[in-house]
Amino acid sequence: MSKLMLIDATHQEETRVAVVSNGQIEDFDFEARNKRQLRGNIYLAKVTRVEPSLQAAFVDYGGNRHGFLAFSEIHPDYYQIPKEDREALLAEADEEDNSESSADGEEVDEEEAEEEAERKQNRRNALFQRKYKIQEVIRRRQVMLVQVVKEERGNKGAALTTYLSLAGRYCVLMPNTARGGGISRKITNAADRKKLKEIAGEIEVPEGAGLIIRTAGSQRTKTEIRRDYEYLMRLWEQVRDLTLKSIAPA
């Protein structure tokens, strides 16, 4: 399988990038000089409208149009429900996870462990969403941190998520996605995966957060990877501090 990244920078006003796999375009993106990039940016946003028919919310994050936030992309921490109900649902989710783990009882490799952690996160979200509709737990004028996952296109506003990720040179920090340590699936060398797994295991990631070591980190030392992780943690602290001082949208 051949994969190429093609970059067209012949025009001063625009740079285009295409990822081609076996002769077919797999991904395409462009950056215009007179248009600022939004994807990946984090904003303090305010809910302007909750749409029950779409099970989604429209939020003002300061863009040209209000962003679209699907119910599945809203972290349960933002649900306005009693503390007792939240704790009961989390306990139920943990019980389901423990029951499944006991039933399996088999060793799994790193990649399967990553996939299982992701399934658990999705299952936990689904449990909350079975119990509630978006109009029951999200309110107009509610403030939340969002990240742009898709740029504005035509008449469509940007697609947003509250599951944040901060990408460094060798790591990706997910400050509110508890998926544990992971290694990029593109790192296929067994020795590299074992080494990186040991490095990830030595990094003390805060509870409720997750860390993935990127493909670029496959040949890097523990010191380099730890330094990149510490940079991302400082960046996250700056985001949190700035959030407390800001008024949405910002």
For residues that are part of a strand (DSSP E or B) and either among the hydroxyl-bearing types (Ser, Thr, Tyr) or farther than 23 Å from SER165 by Cβ (or both), tally how many sit in the range 19-76.
10
hydroxyl-bearing (Ser, Thr, Tyr) and at pLDDT below 75: is that true of SER72 in this structure?
no
Assess whether ASP228 counts as being in contact with a Ser or Thr (Cβ under 7 Å, 6 or more places away or on another chain) and more than 20 Å from VAL149 (Cβ to Cβ).
no
Restricting to the range 194-250, and then to whatever is free of Cβ contacts under 8 Å to residues at least 12 places away in the same chain and surrounded by 14 or more Cβ atoms within 10 Å (Cβ to Cβ), can you tell me which residue is farthest from TYR43 (Cα to Cα)?
LYS195
Using the structure shown, decide if ILE81 is of a type in the set (Val, Ile, Thr), out of contact with any Leu (no Cβ under 6 Å at 6 or more places or on another chain), over 23 Å from VAL239 (Cα atoms) and open to solvent by 70 Å² or more (accessible area, probe 1.4 Å).
no
Across the range 186-235, what is the total count of residues that are β-branched (Val, Ile, Thr), more than 25 Å from LYS3 (Cβ to Cβ) and over 21 Å from the mean Cα position of the chain (by Cα)?
3
For the range 167-247, which strands (runs of 3 or more DSSP E) that fit wholly inside it have 2 or more residues that are touching a Gly at 6+ places or on another chain (Cβ under 8 Å) and modelled with pLDDT of 80 or more?
171-174, 210-213
Kindly indicate the residue of the range 1-32 that is surrounded by 10 or more Cβ atoms within 10 Å (Cβ to Cβ) and acidic (Asp, Glu) and also farthest from LYS150 (Cα to Cα) among those meeting that condition.
ASP8
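The values are calculated or read from the model by the stated rules, or taken from the named source; none is laboratory data. Fair warning: this is a prediction, and the values are worked out from it, not measured in the lab. So basically every Cβ, Gly included, is an ideal-geometry build from the backbone, and we count neighbours across all protein chains shown. Note: areas computed on protein heavy atoms with side chains; ligands, DNA, RNA excluded. Shrake-Rupley method; radii C 1.70, N 1.55, O 1.52, S 1.80 Å.
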